[in-house]
Each structure stands twice: as C-alpha cells, then as structure tokens.
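> Here's a structure for you.
The values are calculated or read from the model by the stated rules, or taken from the named source; none is laboratory data. Here the structure is a predicted model, which means the values were calculated and not measured. Cβ placement follows ideal geometry from the backbone for every residue including glycine, while neighbour counts extend to all protein chains displayed.
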Amino acid sequence: MFYQACRVSGKNSTPCIERKIEGTVVIELQLDPSKEMVATCDCVGILKERNVDVEHRFPEQTATRSKKKSTRCRMVFRTTVTHDNGVQEVLQICSQPIACTQPPGVPEISKKSLTSCPASGGLELFILGKNFLKDTRVFFQQVDEQGVRWEQSVVPDKEYLQQTHLVCVIPPYLRHDIIEPVTVRLFVVSSGKTSEPHQFVYTPTSGAVTSAYKLCLQRGAACRRLLSACGA
C-alpha cells in the first residue's frame, strides 16, 4: 500500500516499460527465449509513497489502520505464457519480504566527557556520536602482543540512550592496585558493528599510590641499612 515499483534508468539497465494499471505501477520486461527466458531486474526500484497520496487512494483502509506504518513490502512477478494450442496461462510469484528501511550505520564516537578514570571505576561517562541503537554496548579492552588481555563491557543507561549520545558507568579495571597509568581501548558496538577505538586511561587510586610509596620507603630504608652493614 505504501510502496510502488518504479523504473530505474541506467546505461546498461535491462530495457523495460512503465505502465500504471488501476493506480498500480507495473514494470514490463520482455523475456528472450535465447536467454532461457531469464531476465535481470536491474531496472526496477521501490518507491515510498507519500502518506497523503496513500490516504487519497485507499481512504477506507487507511482510516482503520494503526499509525505505525509497515516498513516491508514484496515484489510480485507475473508473466503470461502462451502454449502451442493458443491457450494462455498466467504465472505469478511473490518475493520474500523486503526491508525498506535504511540499514544502520557504523557507530561513531565524536567526543567523550572523560579520558581517564581511577582503576576502581564507577564514574559516569558521557559519549557523543552517532548510530547508537538499542542494543549498544560500550567496551573497555586492553590488548598486548598476545591478544586481548582484559575486556569489560557495560550497557548504557536506557533512560539517556539516544542515537547521538549515551551515558554509561565506567567499569573497574582488572586490578585496583596499579601504581602506573594503564591505557586501554574504548569502543562502541551497535547492531553488530564496531566503532573506531579511542584511548582511555585507568589511573592509580590514591590508596594504591600511598601503599606503593610506603613500600618504596621501606625498601629504601632496607637498602640503606645493608649499605651501612657493608661499610659503604
């Protein structure tokens, strides 16, 4: 109801004729016996009708339909075969449902509110970009020469998930007691497609730094005592 066939012209397209039968557009092709009666439908497209035109053509049906419009259609193929005895036979078949929606694009990270976070995680991260769909997940991944060393994914807050932005909570790193910054990859996966990775840094927590500082002082004192015992 909301879609019509349309003729697509091209330099090497199969020759065809466009007709309109009782308001329905029909594309006619000639089948050549020398080509085993096989035709390439590279001259046929699908055109979305304006809602106002559909309502004008089918006032009774559109009045009772829900507001949600179908985004799928089928192509109908029909041919008339003339047998040797002059009797004509009409053959018709429908295609599988065709999705008439634009396929989702690759997710993209344009800007993020944080570039680093303590190893304990827990901070909110705001990401601006595009193509963030309902199944979007945010990945934090550490890779070395042997492959993926650590990976954690989080689900964005559904209340703030839009195609152009999302909010998520940064997961804790593998270890909370790191004493040096650790760089990982941050990327978004949506509808099976992955964004380009961005760098993200986990920093030591204040407790880990204090513990490491105390350890250094203890080791330093032990070294000084050892040097004194050796007469240095």
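> Criterion first (more than 21 Å from the chain's Cα centre (by Cα) and either buried (at least 16 other Cβ atoms within 10 Å of the Cβ) or part of a loop (DSSP other than H, G, I, E, B) (or both)) does D84 satisfy it? Write out each step before concluding.
Details: more than 21 Å from the chain's Cα centre (by Cα): yes; either buried (at least 16 other Cβ atoms within 10 Å of the Cβ) or part of a loop (DSSP other than H, G, I, E, B) (or both): yes.
For D84, the condition - more than 21 Å from the chain's Cα centre (by Cα) and either buried (at least 16 other Cβ atoms within 10 Å of the Cβ) or part of a loop (DSSP other than H, G, I, E, B) (or both) - is met.
> I would also like to ask the following. Got at least one residue in the stretch 89-106 being in contact with a Leu (Cβ under 9 Å, 6 or more places away or on another chain) and surrounded by 14 or more Cβ atoms within 10 Å (Cβ to Cβ)?
Of the stretch 89-106, the ones in contact with a Leu (Cβ under 9 Å, 6 or more places away or on another chain) are 104.
Subset that is surrounded by 14 or more Cβ atoms within 10 Å (Cβ to Cβ): 104.
Yes: one or more hits.
> Residue under question is N12, and the condition is that it be over 30 Å from S195 (Cα atoms), exposed (fewer than 11 other Cβ atoms within 10 Å of the Cβ) and not assigned by TED's automatic domain parsing to the domain that holds L128; does it hold? Even if it seems obvious, please write down each step before you answer.
Numbers: over 30 Å from S195 (Cα atoms): yes; exposed (fewer than 11 other Cβ atoms within 10 Å of the Cβ): yes; not assigned by TED's automatic domain parsing to the domain that holds L128: yes.
Here the answer is yes, as N12 does meet what is asked.
> Could I ask something else about it? Residue under question is F126, and the condition is that it be surrounded by 17 or more Cβ atoms within 10 Å (Cβ to Cβ) and outside any loop (DSSP other than H, G, I, E, B); does it hold?
Taking the combined requirement at face value, the residue does not satisfy it.
> Being over 21 Å from V201 (Cβ atoms), assigned by TED's automatic domain parsing to the domain that holds P204 and surrounded by 12 or more Cβ atoms within 10 Å (Cβ to Cβ) is the requirement here; does H176 meet it?
no
> Moving to a separate point now. Restricting attention to the stretch 73-96, which residues are of a type in the set (D, E, K, R) and over 23 Å from I46 (Cβ atoms)? Walk me through how you get there before you give the answer.
First, the residues of the stretch 73-96 that are of a type in the set (D, E, K, R): 74, 78, 84, 89.
Listed by number, the residues that qualify are D84, E89.
> Right, next: For A99, are the conditions met, namely being of a type in the set (A, V, I, L, M, F, W, C), out of contact with any Phe, Trp or Tyr (no Cβ under 8 Å at 6 or more places or on another chain) and closer than 30 Å to L166 by Cβ?
Numbers: of a type in the set (A, V, I, L, M, F, W, C): yes; out of contact with any Phe, Trp or Tyr (no Cβ under 8 Å at 6 or more places or on another chain): yes; closer than 30 Å to L166 by Cβ: yes.
Judged against the criteria, A99 is a match.
> State all residues of the stretch 87-113 that are among the small types (G, A, S), modelled with pLDDT of 90 or more and part of a strand (DSSP E or B); if no residue qualifies, say none.
Listed by number, the list holds a single entry, S110.
> If you take the residues in the stretch 135-148 that are modelled with pLDDT under 95 and not acidic (D, E), which one is farthest from G192 (Cα to Cα)?
Taking the candidates together, the pick is Q146.
> Before we move on, is E55 more than 24 Å from the chain's Cα centre (by Cα), exposed (fewer than 13 other Cβ atoms within 10 Å of the Cβ) and either among the hydrophobic types (A, V, I, L, M, F, W, C) or not in a loop (DSSP other than H, G, I, E, B) (or both)? Even if it seems obvious, please write down each step before you answer.
Details: more than 24 Å from the chain's Cα centre (by Cα): yes; exposed (fewer than 13 other Cβ atoms within 10 Å of the Cβ): no; either among the hydrophobic types (A, V, I, L, M, F, W, C) or not in a loop (DSSP other than H, G, I, E, B) (or both): yes.
Considered against the rule, which asks whether it is more than 24 Å from the chain's Cα centre (by Cα), exposed (fewer than 13 other Cβ atoms within 10 Å of the Cβ) and either among the hydrophobic types (A, V, I, L, M, F, W, C) or not in a loop (DSSP other than H, G, I, E, B) (or both), E55 comes out as no.
> Restricting to the stretch 8-42, name every residue that is closer than 22 Å to R72 by Cβ and in contact with a strand residue (DSSP E or B) (Cβ under 6 Å, 6 or more places away or on another chain).
Scanning the stretch 8-42 gives V8, V25, V26, I27.
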